[in-house]
Every structure is written in C-alpha cells, then in structure tokens.
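Colleague: Handing you this structure, nothing more for now.
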Amino acid sequence: VPAGADAIVIVEDTDGSATGDVQVYAPSSPGRHIRRQGEEVHAGEQVLQRGASLRPAEIGMLAALGHGQVRVHPRPRVAVLATGDELREPGQPLDPGCIRNSNSYSLECQVRDAGGIPVSLGIGVDDPQILFEMMSRGLREADILVSSGGVSMGEFDYVLDIMARLDATVHFERVALAPGKPTTFATAGGKLLFGLPGNPVSTMVTFELFVRPAIRALAGASHIHRPTTRARLTEDFKKRAGRRHYVRCRVTDGPEGLRATPTGTQSSGVLRSMSLANALAVVDEDLEVASAGTELTVILLDFPEAATLRED
C-alpha cells in the first residue's frame with residue numbers, strides 16, 4: 001500500500017483504467033480491502049504442532065511462511081500378503097471351492113487411509129517355503145508385514161510356523177473379540193508382523209483395531225485412534241458372553257441424539273454389512289444381550305460430524 005494510503009478501491013468499482021485518471025464509482029472507507037501484517041500469524045505463535053498431518057492447507061501455510069523444507073516422519077511401508085490356494089484375483093475364473101481375493105484390495109486401501117504406503121506381495125499359496133520367502137521379502141521391503149489367513153487351526157495354516165522360522169517374537173496369537181479371534185502380533189528385527197484372520201470382515205476389523213494405530217504411531221501422528229462417541233442401539237443385539245463384539249452399524253444423528261443401527265448380518269464373511277457401516281459399536285465381553293436403547297461406545301469409521309463427536 002503506498003505511503004499515506006489507508007484504503008483500497010477494487011478494480012470492479014472503477015472504470016478499469018490502467019493509466020491516467022481513474023473513475024471511482026463506489027465509496028471506500030479507512031482499512032477497506034487492506035490485509036495488515038501479522039493478522040494471520042502473530043509473532044511467537046505456533047503455526048503447526050508436532051504430529052500434525054500435512055494436508056494441502058498446511059503445505060500452503062509452510063510455503064507462505066517461506067519454509068521450503070520441513071522435517072517429517074516418513075510414511076510407513078506396509079507389505080500386504082493374502083494367503084490361500086483358494087484365492088482368485090478379480091477377473092480370473094472362479095473354480096469350484098475358490099473365492100475372490102478381496103482382502104489384498106481392502107487392506108491396501110486401509111493402509112493408504114491410515115497414512116502408510118502399501119507394498120503388495122500378492123497371493124501366497126499354501127506352501128510353507130513359498131510363504132516363508134514371501135514373508136521374508138515383506139520384512140525386507142517394509143516396516144510392517146500384514147498377512148491375512150493362515151493363522152487359525154487348519155491343516156494349511158502355516159503363518160505361525162513361518163514366524164518362528166523368521167525368529168519373530170510372538171506377543172499374542174488369540175484375542176477375545178469378534179470378529180477376529182485368531183489375530184497374531186509379532187516382532188522381528190525391529191519390524192512389526194500382523195497375522196490377521198482370513199474372513200474379509202475379520203481382516204478389516206482387526207486392521208482397524210491393531211494395524212491402523214501402529215501405522216499412525218510409526219508415522220508420528222498425534223491422533224492414533226479413530227474418534228469415538230456414544231450412541232444408542234436401535235435394535236437388540238445378542239451374542240455369547242466372553243468376547244467383545246464390534247458390531248457393524250450405521251450411526252445417524254437426529255432429534256433424539258445419535259443412533260446406531262446394525263447394517264445386517266454380522267457374519268465375518270459378509271462384506272456387504274461392512275460396506276454399509278460407518279461405525280463399529282462396541283459390545284463388552286460380559287454382555288449376552290445389548291437391548292435396543294442401550295448406549296454403547298462407537299468407533300467412527302466414516303461419519304460427517306466425526307471431528308465434532310470425538311470423546312478421546
């Protein structure tokens with residue numbers, strides 16, 4: 001702003017002349033259309049906090065402040081391996097006794113959503129040596145190895161044996177939750193190994209509960225867990241006592257507050273109810289029936305007001 005000037009008239013309120021006399025068609029006032037120094041960031045004010053995600057606005061803010069470089073946490077590389085002779089890729093013929101390989105694709109998307117970089121290892125057939133070589137490659141190329149399938153009690157469930165061959169320390173191999181009881185976590189050489197169940201929903205839910213927080217922590221994120229809130233069930237939910245259940249549901253907001261409606265069958269192989277859900281309702285292990293109207297903690301997976309509903 002030239003010395004002595006205290007207002008700006010925008011060109012739309014003039015005849016648009018670039019030289020000579022200018023016709024002004026609207027009055028102005030002191031301070032109008034002037035952006036003063038320091039009005040955005042004050043001296044000594046913290047602009048970004050440690051652990052903040054660098055979204056487009058944060059990147060622009062750094063550039064506006066003249067920072068061409070900034071120290072960041074690298075995005076963790078996450079190797080994804082689906083196991084099982086029965087798996088077929090989309091587009092391949094589906095032979096009798098075979099199923100589609102959906103886990104690789106859902107897991108890779110979950111990795112990206114968590115802030116990681118997926119490293120696809122493809123499908124590992126039920127051969128111990130081949131699986132050993134693929135899991136070894138995953139540990140070489142990534143910070144975290146996530147496999148799906150092969151961790152239960154079946155004849156061809158080799159993942160635990162291969163973890164032993166990899167000199168991994170197994171911290172747990174069963175969890176009291178549903179879906180996803182046969183979930184395994186191990187470490188080897190500073191790398192994290194997660195053996196997730198093969199059923200598609202079990203894979204996705206256990207990723208949310210165990211793998212996603214690990215990726216967020218390695219990425220240096222300030223918010224490790226999904227936001228949670230409280231909502232009331234709209235219908236009865238029955239289960240066996242002894243395991244905590246994570247119920248796929250849809251949370252809606254209305255005059256009576258937040259409501260959680262289960263999205264259909266809770267079978268661990270039914271992805272449809274997962275695709276319809278925007279939250280997981282947590283039913284504690286000691287309950288056998290959560291009646292309609294019961295207020296539960298819900299983990300918000302995809303909810304427009306998630307940022308305003310955070311309790312933690």
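Colleague: Here is a list of conditions, (1) out of contact with any Phe, Trp or Tyr (no Cβ under 9 Å at 6 or more places or on another chain); (2) under 29 Å from residue 116 (Cα atoms); (3) not β-branched (Val, Ile, Thr), and residue 238 meets all of them except one; can you say which number that is?
Modeller: Every condition holds for residue 238 apart from (2).
Colleague: A follow-up question, please. From the list 188, 164, pick out the single residue that is small (Gly, Ala, Ser) and in contact (Cβ under 8 Å) with a residue 12 or more places away in the chain.
Modeller: Numbers: 164 fails: in contact (Cβ under 8 Å) with a residue 12 or more places away in the chain.
Unique residue meeting the criteria: 188.
Colleague: Further question on the same structure: Return the residues of region 74-85 that are surrounded by fewer than 19 Cβ atoms within 10 Å (Cβ to Cβ) and either farther than 29 Å from residue 302 by Cα or β-branched (Val, Ile, Thr) (or both); say none if nothing qualifies. Before the answer, list the steps.
Modeller: Just the residues of region 74-85 that are surrounded by fewer than 19 Cβ atoms within 10 Å (Cβ to Cβ), to begin with: 74-75, 77, 85.
Once the filter is applied, which keeps residues that are surrounded by fewer than 19 Cβ atoms within 10 Å (Cβ to Cβ) and either farther than 29 Å from residue 302 by Cα or β-branched (Val, Ile, Thr) (or both), region 74-85 yields only 85.
Colleague: To continue, here is another question. So which residues in region 1-24 are part of a loop (DSSP other than H, G, I, E, B) and either on the phi > 0 side of the Ramachandran plot or surrounded by 10 or more Cβ atoms within 10 Å (Cβ to Cβ) (or both)? It would help to see each step written out before you state the result.
Modeller: Filtering region 1-24 down to residues part of a loop (DSSP other than H, G, I, E, B) leaves 1-10, 15-23.
Hits for region 1-24 are 1, 4, 6, 7, 8, 9, 10, 15, 16, 17, 20, 22.
Colleague: Another one. Please find, among 258, 309, 287, 276, the residue that is closer than 23 Å to residue 203 by Cα and either modelled with pLDDT under 95 or not hydroxyl-bearing (Ser, Thr, Tyr) (or both). Step through it out loud before you land on a result.
Modeller: Working: 258 fails: closer than 23 Å to residue 203 by Cα; 309 fails: closer than 23 Å to residue 203 by Cα; 287 fails: closer than 23 Å to residue 203 by Cα.
Exactly one residue qualifies, and that residue is 276.
Colleague: Also, quick follow-up: I'm checking my understanding of the structure. Among residues of region 39-54 that are under 28 Å from residue 107 (Cα atoms) and touching a residue at least 24 places away in the same chain (Cβ under 8 Å), which one is least open to solvent (accessible area, probe 1.4 Å)? Walk me through it before giving the result.
Modeller: Taking region 39-54 first, the residues under 28 Å from residue 107 (Cα atoms) are 50-54.
Now narrow it down to the ones that are touching a residue at least 24 places away in the same chain (Cβ under 8 Å): 50-53.
Numbers: 50: 212, 51: 17, 52: 47, 53: 62 Å².
Only one residue fits best here, namely 51.
Colleague: Do any helices (runs of 4 or more DSSP H) lying entirely in region 149-246 carry at least 2 residues that are open to solvent by 30 Å² or more (accessible area, probe 1.4 Å), and which ones are they?
Modeller: Details: elements: 159-165, 200-206, 212-218.
Correct list: 159-165, 212-218.
Colleague: Out of all the residues in region 260-304, which are assigned to a loop (DSSP other than H, G, I, E, B), touching a Phe, Trp or Tyr at 6+ places or on another chain (Cβ under 9 Å) and open to solvent by less than 30 Å² (accessible area, probe 1.4 Å)?
Modeller: Result: 278, single match.
Colleague: Within region 114-148, which residues are of a type in the set (Val, Ile, Thr), within 16 Å of residue 82 (Cβ to Cβ) and open to solvent by 50 Å² or more (accessible area, probe 1.4 Å)?
Modeller: First pass over region 114-148, keeping only residues of a type in the set (Val, Ile, Thr): 117, 119, 123, 125, 130, 144, 146.
Remaining after also requiring within 16 Å of residue 82 (Cβ to Cβ): 119, 123, 125, 130, 144, 146.
Across region 114-148, the qualifying residues are 125, 130.
Colleague: In region 120-146, which residue that is hydrophobic (A, V, I, L, M, F, W, C) and more than 18 Å from residue 187 (Cβ to Cβ) is nearest to the chain's Cα centre (by Cα)?
Modeller: Residues of region 120-146 that are hydrophobic (A, V, I, L, M, F, W, C), as a first pass: 121, 123, 125, 130-132, 134-135, 139, 142, 144-146.
From what's left, more than 18 Å from residue 187 (Cβ to Cβ): 121, 123, 125, 130-131, 134.
Details: 121: 20, 123: 23, 125: 28, 130: 30, 131: 27, 134: 25 Å.
Residue satisfying both the conditions and the ranking: 121.
Colleague: Another question about this same structure. Counting just the residues of region 94-113 that are without any contact (Cβ under 8 Å) to a residue 12 or more places away in the chain, in a loop (DSSP other than H, G, I, E, B) and not charged (D, E, K, R), which one comes out most open to solvent (accessible area, probe 1.4 Å)?
Modeller: Among them, the one singled out is 96.
Colleague: Answer yes or no as to whether residue 57 is surrounded by fewer than 10 Cβ atoms within 10 Å (Cβ to Cβ), of a type in the set (A, V, I, L, M, F, W, C) and modelled with pLDDT of 90 or more.
Modeller: Numbers: surrounded by fewer than 10 Cβ atoms within 10 Å (Cβ to Cβ): yes; of a type in the set (A, V, I, L, M, F, W, C): yes; modelled with pLDDT of 90 or more: yes.
When the stated conditions are applied, residue 57 passes them.
Colleague: Now a separate question. If you check residue 31 against the conditions, is it touching a residue at least 12 places away in the same chain (Cβ under 8 Å), closer than 24 Å to residue 221 by Cα, outside any helix (DSSP H, G or I) and of a type outside the set (D, E, K, R)?
Modeller: Taking the combined requirement at face value, the residue does not satisfy it.
The values are calculated or read from the model by the stated rules, or taken from the named source; none is laboratory data. On a predicted model such as this, the values are computed, not experimentally measured, just so you know. Positions of Cβ are generated from backbone atoms using ideal geometry, with glycine treated the same way; all protein chains shown enter the neighbour counts. Remember, those area values only see protein heavy atoms, side chains included, never the ligands or the DNA or RNA. Shrake-Rupley method; radii C 1.70, N 1.55, O 1.52, S 1.80 Å.
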